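*Asks:* What follows is a single structure, and I will ask about it in a moment.
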Amino acid sequence: MIGIAARKKKISVWLFYACGSAVFAGLTAILAKCGIRKVNSNLATALRTGVVLIFAWLIVFITDAQSGLGTINMKSLLFLILSGLSTGVSWLCYFRALQLGDIDRVTPVDKSSTVLTILLAFILLREPVDLWKGAGILLIGIGTFLMIRRKESPSEEKIAGRGWLFYAMLSALFASLTSILGKIGVQGVDSNLATAIRTGVVLVMAWIVVCITGEQKGLPQIDGKSWLFLILSGAATGGSWLCYYRALQDGPASVVVPVDKLSILLTVAFSRVFLGERLDRRGAIGLGLIVVGTLALLV
């Protein structure tokens, strides 16, 4: 009986962190959308990552996790670096897509990385895919299609022609790779320390892209409001990452990832309240299918 109680407590802990990750991720998208309206998406990504890095290492030192640096084996370090690189590409694509398209269209595509993650977890990590997960994958796919294919206004048609869908799909692909690589790399490593290491990799990568493209010249033109939202977005991302990789350390990737992706509910709700982006009937049905499909993955 004691063993069963301890196991239930352990499950509740990682599930709590997964839910926390979803809440912070929902806030991240809205804050980032507000912060990148007048800022190049690559430069915004680099600035936000700097905030996340400070936040991540602050938690590392508060929890004394830095003492584990010398015990990280080469395999874990390699996969953490690869996970960080994958995250960097995903972020660059995601915030470019956000700059070009509406949140309630970009986010569903990005969240469809759940499907890819489950398939990769099945292939690489041998995590099982049962009937419920199969049904969930199907519902998420249909829901995503309905949300991105909703009726467009003339202005949205113009935006669609600029490639937001292409960047959103790349974001989903690399986000799924991030989860799998992170799951492998975080084994035997403190989750806070793993998050800080990965964030450092993302920061280096983001600034390399900025310097290559010469976008650092836009720094003086960033106004105070944009700075505020970028900083808040970075802090929200830091909170989401810390919760996400703590959950991933103890829980299965095929369950943690879907819970995290439920942040789409908060994202769509916030975009309606703060940005005035409204779902039509088709988009609402699509959102409902995505949520039901995601919950089916948890059965």
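The values are calculated or read from the model by the stated rules, or taken from the named source; none is laboratory data. Just so we're clear, the structure is a prediction, and the values are computed from it rather than from any experiment. Reconstructed Cβ throughout: ideal geometry from the backbone, glycine too, with neighbour counts over all protein chains shown.
*Asks:* Looking at the range 84-116 only, could you name the residues that are within 19 Å of Leu31 (Cα to Cα) and among the small types (Gly, Ala, Ser)?
*Replies:* Gly88, Ser90, Ala97, Gly101, listed by residue number.
*Asks:* When you scan the range 105-128, how many residues do you find that are surrounded by fewer than 17 Cβ atoms within 10 Å (Cβ to Cβ) and of a type in the set (Val, Ile, Thr)?
*Replies:* Residues in the range 105-128 being surrounded by fewer than 17 Cβ atoms within 10 Å (Cβ to Cβ) and of a type in the set (Val, Ile, Thr): 1 in total.
*Asks:* While we're on this one: Give all pairs with beta carbons closer than 6 Å in which a residue from the range 284-299 that is part of a helix (DSSP H, G or I) meets a residue that is of a type in the set (Gly, Ala, Ser); count only pairs at least 6 apart in sequence or on separate chains.
*Replies:* Cβ pairs passing all conditions: Gly286/Gly143; Leu289/Gly143; Ile290/Gly143; Gly293/Gly136; Ala296/Ala135; Ala296/Gly136.
To keep it simple, each residue is scored yes or no on (1) closer than 30 Å to Gly143 by Cα; (2) surrounded by 21 or more Cβ atoms within 10 Å (Cβ to Cβ); (3) not hydrophobic (A, V, I, L, M, F, W, C).
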residue: Leu43; (1), (2), (3): no, yes, no
residue: Thr49; (1), (2), (3): no, yes, yes
residue: Thr63; (1), (2), (3): no, no, yes
residue: Ser76; (1), (2), (3): no, no, yes
residue: Leu80; (1), (2), (3): no, yes, no
residue: Tyr94; (1), (2), (3): yes, yes, yes
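*Asks:* Out of the residues in the range 23-39 that are within 9 Å of Leu230 (Cβ to Cβ) and assigned to a loop (DSSP other than H, G, I, E, B), which is farthest from the chain's Cα centre (by Cα)?
*Replies:* Val39
*Asks:* Only helices (runs of 4 or more DSSP H) wholly contained in the range 67-184 count here; list those with 3 or more residues that are modelled with pLDDT of 80 or more and not basic (Lys, Arg).
*Replies:* 74-100, 103-111, 113-124, 131-148
*Asks:* Within the range 248-255, is even one residue modelled with pLDDT under 80, in a helix (DSSP H, G or I), under 17 Å from the mean Cα position of the chain (by Cα) and among the charged types (D, E, K, R)?
*Replies:* Checking the range 248-255: not a single residue is modelled with pLDDT under 80, in a helix (DSSP H, G or I), under 17 Å from the mean Cα position of the chain (by Cα) and among the charged types (D, E, K, R).
*Asks:* On to the next question. Only one of Thr114, Thr144 is among the polar types (S, T, N, Q), within 27 Å of Trp164 (Cα to Cα) and under 16 Å from the mean Cα position of the chain (by Cα). Can you tell me which?
*Replies:* After ruling out the rest, the residue left standing is Thr114.
*Asks:* Another question, if that's okay. So which pairs qualify, if the first residue must be in the range 178-195 and surrounded by fewer than 24 Cβ atoms within 10 Å (Cβ to Cβ), the second must be modelled with pLDDT of 85 or more and in a loop (DSSP other than H, G, I, E, B), the Cβ gap must be under 7 Å, and the two must be at least 6 apart or on different chains?
*Replies:* Cβ pairs passing all conditions: Val189/Ile72.
Residue-wise test of (1) β-branched (Val, Ile, Thr); (2) crowded, with 24+ Cβ neighbours inside 10 Å.
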site	(1), (2)
Leu228	no, no
Leu232	no, no
Gly239	no, no
Leu248	no, yes
Val255	yes, no
